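Take a look at the structure below.
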Amino acid sequence: MNLTNPNLPRPIAVNSLDQGPVADTLRRLFQEAAAADGEFQKDLSRRDYVLEDYVQELVESEKKDLRGTYRAFADNFLNVSAEFGRMLYLCARAGNAQHIVEFGTSMGISAIYLAAALKDAGRAGRLIGTELEPSKVRRARANLEAAGLEKHVEIREGDARDTLAQLPGEIDMLHLDGAFTLYMPILKLIEPHLRTGAIILAENAFEQSGEYLAYVRDPANGYGSLPLPFEHWRGNEFTVYLGR
Ligand SMILES: C[S@@+](CC[C@H](N)C(=O)[O-])C[C@H]1O[C@@H](n2cnc3c(N)ncnc32)[C@H](O)[C@@H]1O
């Protein structure tokens, strides 16, 4: 399977993403994800599909029953694309990230990109991933092991609002990709740990889901932020903590 969008220029060689166990594991996982999520993804990309309606439905469902909403997706990957994964990898490398937090690890695809960046940079640091669904935590751990990255990652099982209450020191990078309505509460939990210059990449950051976008786009709050110019329908937002 071609992991890159054919419309994009050929990606630069980025070490372990292109060969060896990381590349092999990602290739396998993208195939498994296509099989598991194919129908769901097809629905989302239908031309007449009203994305705002889908986001609204999910937001309402999360507000009623967060666990139940994500239990229903226990067998779905809901993963980032290969392009977004490379963006995660490159941001971690460019920002010399050592301590990274991820909200929403699922089966571990995005975590593999982030952990590969730590490994390739020869960093002693670590990725702390979080996942609500126990079966996904088991699968993510196995996938990170298959990629040879297990020593760079700790996956915390449970609700991120609890599991991220304790964090070590400064955080260099944050990936937000969990329940849509929790981006703001999770950011507030991590904010005291963000080092100046920390990068935050959010997927599915939508205005309907809460205050997150308005907050990071208001310079008074200490952030610089803009939407990424690819896969705009996925709500990709790039943010830097500039300090207060
Ligand atoms: C979009 S998926 C993450 C995909 C993953 N980042 C990847 O690229 O492979 C969102 C995940 O967040 C998890 N999640 C939702 N709410 C959560 C919470 N409160 N704490 C931890 N994980 C949560 C869901 O179970 C789901 O697996």
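The values are calculated or read from the model by the stated rules, or taken from the named source; none is laboratory data. What you see is a predicted model; the values in this text were computed from it and never measured. Heads up, the Cβs are rebuilt from the backbone with ideal geometry, glycines too, and the neighbour counts pull from every protein chain shown.
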Scanning for something closer than 21 Å to N236 by Cβ, of a type in the set (D, E) and in a helix (DSSP H, G or I), does the stretch 178-192 turn up at least one residue? yes
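For the stretch 174-184, state whether one or more residues are under 20 Å from A124 (Cα atoms) and within 14 Å of the ligand (Cβ to nearest atom).
As a first pass, look at the stretch 174-184 and keep what is under 20 Å from A124 (Cα atoms): 174-175.
In the following step, the residues that additionally are within 14 Å of the ligand (Cβ to nearest atom) were identified as 174-175.
Looking for residues that are under 20 Å from A124 (Cα atoms) and within 14 Å of the ligand (Cβ to nearest atom), one finds at least one in the stretch 174-184, hence yes.
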Determine whether V101 is over 21 Å from L44 (Cβ atoms) and near the ligand (Cβ under 10 Å from one of its atoms). no
Which condition number does L66 fail, the rest of (1) free of Cβ contacts under 8 Å to residues at least 24 places away in the same chain; (2) surrounded by 14 or more Cβ atoms within 10 Å (Cβ to Cβ) being met? (1)
Yes or no: the stretch 193-201 includes at least one residue that is part of a helix (DSSP H, G or I) and over 23 Å from A94 (Cβ atoms). no
Scanning the stretch 44-87 residue by residue, those in a helix (DSSP H, G or I), among the charged types (D, E, K, R) and closer than 20 Å to A179 by Cβ turn out to be E52, D53, E57, E60, E62, K63, K64, R67, R71
Matching residues in the stretch 155-173 (of a type in the set (S, T, Y) and under 18 Å from R123 (Cβ atoms)) number 0
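Run down K151, K136 and say which single residue is near the ligand (Cβ under 8 Å from one of its atoms), at pLDDT 95 or above and more than 30 Å from A214 (Cα to Cα).
Working: K151 fails: near the ligand (Cβ under 8 Å from one of its atoms).
Just a single option satisfies the conditions, and that option is K136.
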For a quick check of your reading of the model, give me the residue pairs whose first member lies in the stretch 208-231 and is within 16 Å of L187 (Cα to Cα), whose second is among the charged types (D, E, K, R) and in a loop (DSSP other than H, G, I, E, B), with beta-carbon atoms closer than 8 Å and at least 6 apart or on different chains. N221/R244; G222/R244; Y223/R217; S225/R217
Where the second residue is surrounded by fewer than 20 Cβ atoms within 10 Å (Cβ to Cβ) and of a type in the set (F, W, Y) and the first is over 10 Å from F30 (Cβ atoms) and touching a residue at least 60 places away in the same chain (Cβ under 8 Å) and lies in the stretch 70-87, which pairs have Cβ atoms under 7 Å and are six or more apart or on separate chains? E83/F230
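Give me a count of the residues in the stretch 133-153 that are loosely packed, with under 15 Cβ neighbours inside 10 Å and within 20 Å of H99 (Cα to Cα). Lay out the reasoning, then the answer.
Filtering the stretch 133-153 down to residues loosely packed, with under 15 Cβ neighbours inside 10 Å leaves 134-135, 138, 142, 151.
Now drop any that are not within 20 Å of H99 (Cα to Cα), which leaves 151.
Summing the residues that are loosely packed, with under 15 Cβ neighbours inside 10 Å and within 20 Å of H99 (Cα to Cα) in the stretch 133-153 gives 1.
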Hits in the stretch 88-117 (condition: in a strand (DSSP E or B) and more than 12 Å from the chain's Cα centre (by Cα)): H99
Subset of the stretch 209-233 [surrounded by fewer than 17 Cβ atoms within 10 Å (Cβ to Cβ) and within 16 Å of the ligand (Cβ to nearest atom)]: F230, E231, W233
